Amino acid sequence: MYYYIYDIFTGSKKYQHQILKIEGLLAEFGIAGKNFKLNVLKNLEDIIGEALVSEIQNIIAVGNDQTVSKIANLIVGKNIVMGIIPVGEPNILANALGIKSAEEAISIVSARNVLKLDVAKINGGYFILSVESKDRNVIFDFKDYNINALPSNEVMGVYNININNDKFQSDPCDGIMEAVFKPKKIGWFEKLFKKSSPEESSGVSVFPVKKMTIRHKKKPINITIDRQRVLKTPLEIEVLPKKLKMIVGKKRVFE
């Protein structure tokens, strides 16, 4: 049995044709189920609660990254498999999982290739993809030692999945995330005429993470979570291995 949860914005006229097409394809593939279309009266927590009581094993998020994040935060550690049918933008997680379109998603849901992904607990909630900041005053505190950003660093983050195809390895099923300090990209003009210091010419710095704190040297600041919400420092992060069951495609960005 499948529960399909449609985010509020999918009810707009803009997506009417696409939603009708999705529902037709679900019936064609023989995986139609119970549809829930979120609105001010339809509470997501109640739907997840009903699914748990009814022992529903498949919940499919129809929407974007925010839709997926809201559902994932309620089912981490539960005996529920989540799939994604991407509608609207952004859909960074769906793309990373090898789901490039709504139409392709339906065949992927039908195939039901399930992986147990790591998630990270962060100040009472969870994240799946990343935590990122461009503020060089952030400090990554690993209890026994701290890491500060270099002047040449442009982005500092903790990654479960290498969503930008940067020069580091990540596996969201290995129980470890990567703390990454990325240098700013130098254009061809600067490469030709500007002499770089050793710090500026250095590559990506990567440190394994199981548990850490992100804080700021001067004041609490906003840090971007999963590219679609923010939390204020300090942030307590702890990796929870294989706590989220996800349906994935063959063309995902990790093995």
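The values are calculated or read from the model by the stated rules, or taken from the named source; none is laboratory data. All values reported here derive from a predicted model rather than from experimental measurement. Here the Cβ is made from the backbone with ideal geometry for all residues, glycine too, and neighbour counts use every protein chain on show.
Is it true that residue 182 is more than 16 Å from the chain's Cα centre (by Cα), surrounded by 15 or more Cβ atoms within 10 Å (Cβ to Cβ) and either outside any loop (DSSP other than H, G, I, E, B) or in contact (Cβ under 8 Å) with a residue 60 or more places away in the chain (or both)?
It is true that residue 182 is more than 16 Å from the chain's Cα centre (by Cα), surrounded by 15 or more Cβ atoms within 10 Å (Cβ to Cβ) and either outside any loop (DSSP other than H, G, I, E, B) or in contact (Cβ under 8 Å) with a residue 60 or more places away in the chain (or both).
Quick one: is residue 96 closer than 14 Å to residue 62 by Cα, assigned by TED's automatic domain parsing to the domain that holds residue 49 and surrounded by 15 or more Cβ atoms within 10 Å (Cβ to Cβ)?
Criteria not met by residue 96.
Considering only residues that are of a type in the set (Phe, Trp, Tyr) and either surrounded by fewer than 12 Cβ atoms within 10 Å (Cβ to Cβ) or not in a helix (DSSP H, G or I) (or both), which ones fall in the range 1-58?
Correct list: 2, 3, 4, 6, 29, 36.
Being assigned to a strand (DSSP E or B) and touching a residue at least 24 places away in the same chain (Cβ under 8 Å) is true for just one of 68, 119. Which residue is that?
None of the other options fit; the residue is 119.
In this structure, does residue 109 turn out to be assigned to a strand (DSSP E or B) and under 29 Å from residue 98 (Cα atoms)?
no
Quick one: what pairs do we get from the range 94-107, first residue modelled with pLDDT of 95 or more, second part of a loop (DSSP other than H, G, I, E, B) and of a type in the set (D, E, K, R), C-beta under 8 Å, 6+ apart or different chains?
94/100; 96/252; 97/252; 98/250; 98/251; 98/252; 100/251
Scan the range 236-252 and report the pairs whose first residue is on the phi > 0 side of the Ramachandran plot and at pLDDT 95 or above and whose second residue is surrounded by fewer than 15 Cβ atoms within 10 Å (Cβ to Cβ) and in a strand (DSSP E or B), with Cβ atoms within less than 6 Å and a gap of 6+ or a chain change.
Every condition considered, the pairs that remain are 242/116.
Quick one: in the range 225-255, which of the residues that are crowded, with 16+ Cβ neighbours inside 10 Å and among the β-branched types (Val, Ile, Thr) is nearest to the chain's Cα centre (by Cα)?
Per the criteria, the residue is 225.
How about the range 134-154: which of its residues are over 21 Å from residue 240 (Cα atoms) and either small (Gly, Ala, Ser) or surrounded by 19 or more Cβ atoms within 10 Å (Cβ to Cβ) (or both)?
Selection gives 138, 149, 152, 153.
Take residue 88 and tell me if it is touching a Ser or Thr at 6+ places or on another chain (Cβ under 9 Å) and either farther than 30 Å from residue 175 by Cβ or in a loop (DSSP other than H, G, I, E, B) (or both).
When the stated conditions are applied, residue 88 passes them.
Mind checking which residues of the range 73-93 are over 23 Å from residue 24 (Cα atoms) and crowded, with 23+ Cβ neighbours inside 10 Å?
Of everything in the range 73-93, just one residue is over 23 Å from residue 24 (Cα atoms) and crowded, with 23+ Cβ neighbours inside 10 Å, namely 93.
Being surrounded by 19 or more Cβ atoms within 10 Å (Cβ to Cβ) and under 23 Å from residue 155 (Cβ atoms) is the filter here, so list the residues in the range 99-131 that pass it.
Within the range 99-131, 117, 118, 119, 120, 122, 126, 127, 128, 129, 130, 131 qualify.
Could you tell me whether any residue of the range 146-160 is at pLDDT 95 or above and outside any strand (DSSP E or B)?
So far as the range 146-160 goes, yes, one or more of its residues are at pLDDT 95 or above and outside any strand (DSSP E or B).
Under the condition of being part of a loop (DSSP other than H, G, I, E, B) and closer than 22 Å to residue 91 by Cβ, which residue from the range 224-235 is modelled with the lowest pLDDT?
Only one residue tops the list, namely 228.
List every residue pair whose Cβ atoms sit under 6 Å apart, with the two residues 6 or more apart in sequence or on different chains, where the first one lies in the range 127-154 and is more than 18 Å from residue 217 (Cβ to Cβ) and the second, anywhere, is modelled with pLDDT of 95 or more and part of a strand (DSSP E or B).
Within 6 Å, the pairs are 127/120; 127/225; 128/119; 130/157; 130/159.
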